[in-house]
Amino acid sequence: MDSLTKKDLIDAVAAELKLDRDLVRPVLQEFLQQLTERLGEGRRVEFRDFGVFEVRQRAARSAQNPRTLQRVAVPARRTVKFKPGRLMKLQLEGLGPQTGPETGPQTGPEKVKRIGPGTGPGTGPVTGSSQGTGPTSNGPQNGPSRAPPPPPDQHRKSA
């Protein structure tokens, strides 16, 4: 898997915005510094449509050293959890903006199709009673909501 380094990101932003790398570098560095400081304070950092960074507390636990099989106490610690936002989820599912030789890069809000609840495939008007699949349903779903019932037992004797 190919990874994106800070240098790669600086180069990409500089090229996209037609700015000098020396202007982009301190901006990106300050952005990362601010992000790190806020998370270090235990604050939630939210970027709408991109995602949310949250500090979580992991409980102390007992683990096992795989070489010696000896039990080891692992202390409680703080960690960062990232929850992807709506546009990132679409991108990861292959429904978001694509880049490639045939389409070229698609960045910026003017090139991103906004999709909200009730605008995706199979989400027509809701008629009748509950067509969703539970309390958090946003309307009808594609395909059946449950597996069909099993066929009746043919070996059962009728009473």
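For the reader, a short list of remarks on this structure follows.
- Of the residues screened, T68 is one that is exposed (fewer than 10 other Cβ atoms within 10 Å of the Cβ) and among the polar types (S, T, N, Q).
- So T79, is it part of a strand (DSSP E or B), within 22 Å of the chain's Cα centre (by Cα) and not aromatic (F, W, Y): yes
- The combined condition, being within 23 Å of Q91 (Cβ to Cβ), touching a Pro at 6+ places or on another chain (Cβ under 9 Å) and at pLDDT 95 or above, is not fulfilled by V13.
- If you go through segment 50-76 and keep only what is closer than 30 Å to Q34 by Cβ and either among the β-branched types (V, I, T) or in a strand (DSSP E or B) (or both), you end up with G51, V52, F53, E54, V55, R56, Q57, R58.
The values are calculated or read from the model by the stated rules, or taken from the named source; none is laboratory data. Keep in mind the model is a prediction, meaning the values are calculated, not measured. Glycine gets a Cβ as well: all are built from the backbone with ideal geometry, and neighbour counts include every protein chain shown.
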